[in-house]
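The values are calculated or read from the model by the stated rules, or taken from the named source; none is laboratory data. Owing to the predicted nature of the structure, the values given are computational and were not obtained by experimental measurement. Reconstructed Cβ throughout: ideal geometry from the backbone, glycine too, with neighbour counts over all protein chains shown.
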């Protein structure tokens, strides 16, 4: 990759060729079959991360600086939001994750400082992947 101060990435063809194997593996492991297998592992990692961060936040006396209202995934195009909603609906059904779709106006009410280029968001309402549905919880390792 070439040095760049923007968020866009510029590629050198030779770098892409060297990274081809890793990119193919990433694509392979991003399939639905592999994704569903990884969800319980991600869930355990996220829950441990939340517990660890809570401990650090309390130790720093920073509770007043943290708002625990879930997670917002922002989108700059309606097409990208619509595509993600297809996957989101499936995840909600499979894994019991609660979400809400926010349009630009709703998002502006909650987060007035956001750029007007954001067209909408998915608000994941839970702080972590909880509750984990019963079939997955049996597979989730305790850390």
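When you check residue 126 against the structure, is it surrounded by fewer than 12 Cβ atoms within 10 Å (Cβ to Cβ), within 19 Å of residue 69 (Cβ to Cβ) and either at pLDDT 90 or above or within 16 Å of the chain's Cα centre (by Cα) (or both), yes or no? Working first, answer last.
Values: surrounded by fewer than 12 Cβ atoms within 10 Å (Cβ to Cβ): no; within 19 Å of residue 69 (Cβ to Cβ): yes; either at pLDDT 90 or above or within 16 Å of the chain's Cα centre (by Cα) (or both): yes.
No: the conditions fail for residue 126.
For residue 76, are the conditions met, namely being within 28 Å of residue 57 (Cα to Cα) and out of contact with any strand residue (DSSP E or B) (no Cβ under 9 Å at 6 or more places or on another chain)? So residue 76 does not fit the description; no. Taking the stated definitions as given, is residue 74 in contact with a helix residue (DSSP H, G or I) (Cβ under 9 Å, 6 or more places away or on another chain), assigned to a loop (DSSP other than H, G, I, E, B) and either at pLDDT below 95 or under 22 Å from residue 35 (Cα atoms) (or both)? No, not satisfied. In the range 104-121, the residues that are in contact (Cβ under 8 Å) with a residue 40 or more places away in the chain and on the phi < 0 side of the Ramachandran plot form Cβ pairs under 8 Å with partners that are in a loop (DSSP other than H, G, I, E, B) and surrounded by 10 or more Cβ atoms within 10 Å (Cβ to Cβ), at six or more places apart or across chains, as follows: 117/76; 118/76; 119/76; 119/77. For residue 116, the conditions (1) modelled with pLDDT under 90; (2) part of a loop (DSSP other than H, G, I, E, B) are fulfilled apart from (1). Answer yes or no: is there a residue in the range 50-61 that is surrounded by 13 or more Cβ atoms within 10 Å (Cβ to Cβ), at pLDDT 85 or above, touching a helix residue (DSSP H, G or I) at 6+ places or on another chain (Cβ under 9 Å) and part of a strand (DSSP E or B). Checking the range 50-61: not a single residue is surrounded by 13 or more Cβ atoms within 10 Å (Cβ to Cβ), at pLDDT 85 or above, touching a helix residue (DSSP H, G or I) at 6+ places or on another chain (Cβ under 9 Å) and part of a strand (DSSP E or B).
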